[in-house]
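As structure tokens, the structure follows; a few thoughts come after it.
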Amino acid sequence: MTTFSEKSLSAGIKKKAGELGFNICGIAKSRPLEEYGSRLNSWIEAGMNDIMGYLARDMDKRLDPESMLPGAKSMIVTGLSYYSEKMQKDPEAPVLSRYTYGLDYHEVIRLKLEKLLDWIKSVRPEAEGKPFVDSSLILEKAWAREAGLGWQGRHSVVINKDIGSFFFIGILILDISLDYNAPLSKDYCGECRLCIEACPTGAINDNRTIDARKCIANITIERRGPIPEALVPFLGRRIYGCDRCQEVCPWNKKINSVKTPEFTLDEEIAAMSLNDWKNLSQEKFNRLFGKSAMSRIKYEKLMSNIEAATRQGN
Ligand code: SF4
Ligand code: SF4
């Protein structure tokens, strides 16, 4: 068996991550992220987490990877692009966020991280690791920055200079030491405020946080029950998520070459008309979206979103 130094193992992990399809990969030293706690607490105390009360629980644990994996030493942070040039065809149809296209990213990324862990164990059998995808237990955006992958834009999403911001973050915590990337300390937003100006509901705060009570991505997915009436006129036909603040970002204007086959929009969904959406049956919903990230919401919630977003005048 080849013996790897920390440096060569780190390089090998990044190479393997690329072979598995990840577009970017960085490695951060595990530590408690105490400096992120106060900002997060202020955001929660202001009620901006909306109904996501779980974000307030076990804050100390969420800041410290040791609580997720005893002996945690390294955070492998990956990015997988979901940007797609293929869009829905009917301009009158209700609009889906790009991240719903194709297969459920939780499963796609978990599988890739597990394969990455298998490879690491094949060269360092004593290594223990734990994968995380879109988990409230871990501060993904902060770790992406710690691993040098990007900075948090004014819209609060992490931006990478090469692949923009339309990417999912997947994290593998390891209990072995590696060669670490330097955290990205620079902010490349400069004087730009395009996302703040473009947000239909004014949900973007000046301190790079989002008021989830106003954010279309939250109210169409996380919030149970109907969309608040005051926000209905701002939906702009969006029925699941919202890409507006990312679409206007200059860092997303040069990413056409990035493609992940698993996140290709299904032909049948791409072709659905306004009427197809209005008449969507439970059976068709299960068939078309059973394996996508959209299976996270119930059929009734989606139909309620469709009704609100396609009301006359929207
Ligand atoms: S996702 Fe949409 S509603 Fe939410 S902050 Fe971005 S532009 Fe605003
Ligand atoms: S639109 Fe401008 S301010 Fe907003 S995240 Fe992109 S670069 Fe930063």
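What to note about this one:
- Only one of 260, 220, 209 that is farther than 26 Å from residue 160 by Cα, in contact (Cβ under 8 Å) with a residue 40 or more places away in the chain and either touching an Asp or Glu at 6+ places or on another chain (Cβ under 9 Å) or of a type in the set (S, T, N, Q) (or both): 220
- Condition met for residue 231 (in contact (Cβ under 8 Å) with a residue 60 or more places away in the chain and either hydrophobic (A, V, I, L, M, F, W, C) or surrounded by fewer than 18 Cβ atoms within 10 Å (Cβ to Cβ) (or both)): no
- Leading residue by the ranking (nearest to ligand 1 (Cβ to nearest atom)) among those in segment 144-155 that are in a loop (DSSP other than H, G, I, E, B) and within 23 Å of residue 30 (Cβ to Cβ): 150
- For segment 298-306, the criterion of being among the basic types (Lys, Arg), within 22 Å of residue 83 (Cα to Cα), not in a loop (DSSP other than H, G, I, E, B) and not assigned by TED's automatic domain parsing to the domain that holds residue 47 is met by none of the residues.
- Complete set of residues in segment 131-144 that are of a type outside the set (A, V, I, L, M, F, W, C) and either buried (at least 23 other Cβ atoms within 10 Å of the Cβ) or away from ligand 2 (no atom under 14 Å from the Cβ) (or both): 131, 134, 135, 136, 140
- The conditions of being within 22 Å of the chain's Cα centre (by Cα), of a type outside the set (D, E, K, R), within 16 Å of ligand 1 (Cβ to nearest atom) and surrounded by fewer than 16 Cβ atoms within 10 Å (Cβ to Cβ) are not met by residue 261.
- Considering (1) modelled with pLDDT of 95 or more; (2) under 30 Å from residue 20 (Cβ atoms); (3) under 23 Å from the mean Cα position of the chain (by Cα), the lone condition that residue 238 does not fulfil carries the number (2).
- Residues (aliphatic (A, V, I, L, M) and within 12 Å of ligand 2 (Cβ to nearest atom)) located in segment 155-189: 157, 158, 159
- Number of positions in segment 197-235 that are within 9 Å of ligand 1 (Cβ to nearest atom) and either closer than 21 Å to residue 99 by Cα or aromatic (Phe, Trp, Tyr) (or both): 16
The values are calculated or read from the model by the stated rules, or taken from the named source; none is laboratory data. Since the structure is predicted, the reported quantities are computational estimates derived from the model, not experimental observations. Reconstructed Cβ throughout: ideal geometry from the backbone, glycine too, with neighbour counts over all protein chains shown.
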